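Novice: Would you mind keeping the following structure in view while I ask a few things?
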Amino acid sequence: MKNDLNWNFDNSYSRLPDSFKENIDPIKVKSPELVILNRDLAKNIDLNFSNVDNNELSHLFSGNILPKSSNSIAQAYAGHQFGHFTMLGDGRAVLIGEHLSKDKKRYDIQFKGSGKTIFSRNGDGRAALGPMLREYVISESMYKLNIPTTRSLAVTKTGEKVIRDSTLTGAILTRVASSHVRVGTFQYIAARKNIDELKTLLDYVVKRHYPSIEDSKNKSIELLKIVLEKQVDLVVNWMRVGFIHGVMNTDNMSISGETIDYGPCAFMDVYDPKTVFSSIDRTGRYAYCNQPVITKWNLARFAECLIPLIDNDQNNAIKSATEIVNSFEKKYEKKWLNMMRGKLGLLGEEKNDQSLILDLLTWMHEMKADYTNTFCYLMGEKFEKKKYYENEKFQSWKERWKDRLNFNSSSPKKYLKIMRSFNPLVIPRNHKVEEALDAANKDDFQPLKKLIEILSQPYFQNKNIIEYQLPSIQKEKYQTYCGT
Ligand code: AMP
Ligand code: MG
């Protein structure tokens with residue numbers, strides 16, 4: 001190979017004890033073909049593809065050729081899936097290495113769909129083109145929405161078929177993450193009841209993600225506090241843009257606070273707190289309004305893993321951990337309220353803010369109003385010509401809102417600036433995502449590229465975005481699928 005793309009690997013996870021992972025290379029594929037490459041991300045992390053042709057890139061981003069300094073592993077982890085504890089691990093992914101950019105930031109480079117590992121159970125270790133492109137589009141959109149997330153560097157077709165309900169085109173996604181350590185990683189080590197391994201994992205995570213607490217007296221307590229803050233921020237951000245993760249199992253909750261695993265996720269159009277898209281989530285466990293509740297539940301599972309490290313006296317340890325986990329509601333409510341104030345351009349805090357916000361949400365729910373577009377309407381974007389914006393209840397709510405804006409003598413310039421930083425003008429609309437994926441499955445990648453471009457500036461008004469702003473006119477309920 002002429003060029004190693006400037007990979008600067010330092011594979012710290014592969015130096016952890018054997019029980020943490022399986023050493024395994026990606027399984028080679030028949031005839032790889034690169035279909036999309038994220039050149040902006042590559043540039044951001046100091047990779048250089050300028051001397052590499054497409055054929056070589058296809059082999060590199062399918063795992064047929066591994067960088068010299070790579071050290072491929074499948075990571076072990078466990079997880080509560082829909083509330084039930086299971087031993088899992090990377091069943092269709094391998095971490096090929098940790099790349100250090102010039103500013104010494106560390107990035108996991110992971111192939112998803114790269115073949116069987118010892119953790120594959122009954123799975124084929126593979127992934128299909130549609131879901132991998134879906135992860136690419138939505139994760140990149142989340143990044144541009146300023147929400148912490150793993151990112152997508154490339155998607156390559158494998159030249160092989162995968163069998164699901166039908167026969168699909170096989171593909172591999174190259175995922176970039178600040179790490180893939182999950183709540184489930186702690187659960188896996190904790191379940192082994194080996195205190196030395198648990199200490200090793202704690203030290204590893206603190207050094208890698210939160211070096212500011214390295215010298216603290218009780219690292220496990222401090223880690224729990226930080227992860228809780230990160231997860232509160234994350235879920236508040238999801239609620240801000242109407243993102244529904246869809247499968248908030250503990251193995252899909254990252255310790256770094258990034259959104260991870262874009263399986264059955266989707267964005268809500270009509271405001272309904274109970275919205276669920278995932279076909280297997282029959283009880284609404286991961287519905288829009290349940291996301292904060294589940295975040296707390298997952299944090300409690302994380303806290304349980306840390307108990308042996310918190311205090312030699314188990315009762316004291318449980319007491320300290322419980323106190324931290326129970327701080328969740330207050331922190332969440334405060335941050336959620338401030339986020340909603342931002343969406344309405346409100347400066348400062350007033351005692352009636354909460355009722356003002358809840359009254360708008362209730363109205364939206366009653367009217368089946370579009371979540372994103374209602375905030376656009378309030379910012380003066382009148383592209384969605386809906387009769388319900390003229391109704392009396394909404395008009396009188398608007399008067400209250402205007403009074404509140406005047407209360408702090410906010411000028412339109414000031415409040416619109418705030419609103420424009422909180423409210424996206426465009427989100428990945430489900431029908432636009434599907435339309436782009438359908439075309440891609442027929443080898444037409446133009447709609448996908450256009451969609452990615454439109455989603456790359458969600459807070460700026462651009463010409464010709466209206467068709468990406470309108471919700472689907474189809475009455476049928478949108479459904480998403482796990483493990484596709
Ligand atoms: P996910 O729903 O993507 O978070 O995956 C949950 C677990 O199932 C993880 O252990 C995955 O690695 C595993 N898994 C999902 N799909 C496959 C597949 N096609 N082959 C093997 N393992 C899989
Ligand atoms: Mg997962």
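Novice: Check region 99-120 and report whether any residue there is without any contact (Cβ under 8 Å) to a residue 40 or more places away in the chain and within 16 Å of ligand 1 (Cβ to nearest atom).
Specialist: The answer is yes, given that some residue of region 99-120 is without any contact (Cβ under 8 Å) to a residue 40 or more places away in the chain and within 16 Å of ligand 1 (Cβ to nearest atom).
Novice: Mind checking which residues of region 195-222 are without any contact (Cβ under 8 Å) to a residue 60 or more places away in the chain and among the polar types (S, T, N, Q)?
Specialist: Listed by number, the residues that qualify are SER212, SER216.
Novice: Please count how many residues of region 230-256 are more than 16 Å from ligand 2 (Cβ to nearest atom) and part of a loop (DSSP other than H, G, I, E, B).
Specialist: Of the residues in that region, 1 qualify.
Novice: Of the conditions (1) hydrophobic (A, V, I, L, M, F, W, C); (2) within 21 Å of MET268 (Cβ to Cβ); (3) within 15 Å of ligand 1 (Cβ to nearest atom), ALA128 clears all except one; give me its number.
Specialist: (2)
Novice: Are any residues in region 19-69 farther than 16 Å from GLY113 by Cα and aliphatic (A, V, I, L, M), and if so, which ones?
Specialist: LEU37, LEU41, ALA42, ILE45, LEU47, VAL52, LEU57
Novice: Which of (1) of a type in the set (Gly, Ala, Ser); (2) surrounded by 23 or more Cβ atoms within 10 Å (Cβ to Cβ); (3) within 16 Å of ligand 2 (Cβ to nearest atom) does SER220 not meet, given it meets every other one?
Specialist: (3)
Novice: List, please: which pairs have Cβ atoms under 7 Å, are six or more places apart or on different chains, and start with a residue in region 303-324 that is under 17 Å from VAL205 (Cα atoms) and end with one that is among the charged types (D, E, K, R) and part of a helix (DSSP H, G or I)?
Specialist: Correct list of pairs: LEU309/LYS199.
Novice: Restrict the check to region 262-270 and report whether at least one residue is of a type in the set (A, V, I, L, M), more than 15 Å from ligand 1 (Cβ to nearest atom), crowded, with 20+ Cβ neighbours inside 10 Å and over 23 Å from PRO471 (Cβ atoms).
Specialist: No; the residues of region 262-270 include none that is of a type in the set (A, V, I, L, M), more than 15 Å from ligand 1 (Cβ to nearest atom), crowded, with 20+ Cβ neighbours inside 10 Å and over 23 Å from PRO471 (Cβ atoms).
Novice: Still on this structure, I have one more. I'd like to know if region 153-162 contains one or more residues that are away from ligand 2 (no atom under 16 Å from the Cβ) and out of contact with any strand residue (DSSP E or B) (no Cβ under 6 Å at 6 or more places or on another chain).
Specialist: Yes, region 153-162 contains a residue that is away from ligand 2 (no atom under 16 Å from the Cβ) and out of contact with any strand residue (DSSP E or B) (no Cβ under 6 Å at 6 or more places or on another chain).
Novice: What is the number of the single condition among (1) away from ligand 1 (no atom under 14 Å from the Cβ); (2) surrounded by 21 or more Cβ atoms within 10 Å (Cβ to Cβ) that TYR204 does not meet?
Specialist: Here TYR204 clears every test but (2).
Novice: If we keep just the residues of region 247-261 that are of a type in the set (Asp, Glu) and near ligand 1 (Cβ under 9 Å from one of its atoms), which is nearest to the chain's Cα centre (by Cα)?
Specialist: This residue is ASP261.
Novice: Filter region 392-432 down to the residues that are modelled with pLDDT of 95 or more, polar (S, T, N, Q) and surrounded by 14 or more Cβ atoms within 10 Å (Cβ to Cβ) and list them by number.
Specialist: ASN423, ASN430
Novice: Return a yes/no flag: does region 31-40 have any residue that is of a type in the set (Asp, Glu) and not in a strand (DSSP E or B).
Specialist: yes
Novice: Here is a follow-up. Only one residue in GLY125, GLY130, GLY89 is within 16 Å of ligand 2 (Cβ to nearest atom) and within 23 Å of SER166 (Cα to Cα). Which one?
Specialist: The match here is GLY125.
Novice: One residue is enough: does region 390-403 have a residue meeting the conditions part of a loop (DSSP other than H, G, I, E, B) and either of a type in the set (S, T, N, Q) or outside the structural domain of ALA128 (by TED's automatic domain parsing) (or both)?
Specialist: Among the residues of region 390-403, at least one is part of a loop (DSSP other than H, G, I, E, B) and either of a type in the set (S, T, N, Q) or outside the structural domain of ALA128 (by TED's automatic domain parsing) (or both), which makes the answer yes.
The values are calculated or read from the model by the stated rules, or taken from the named source; none is laboratory data. Being a predicted model, the structure only gives us computed values, none of them experimental. Neighbour counts are summed over all protein chains in view; Cβ atoms, including those assigned to glycine, are modelled from backbone coordinates with ideal geometry.
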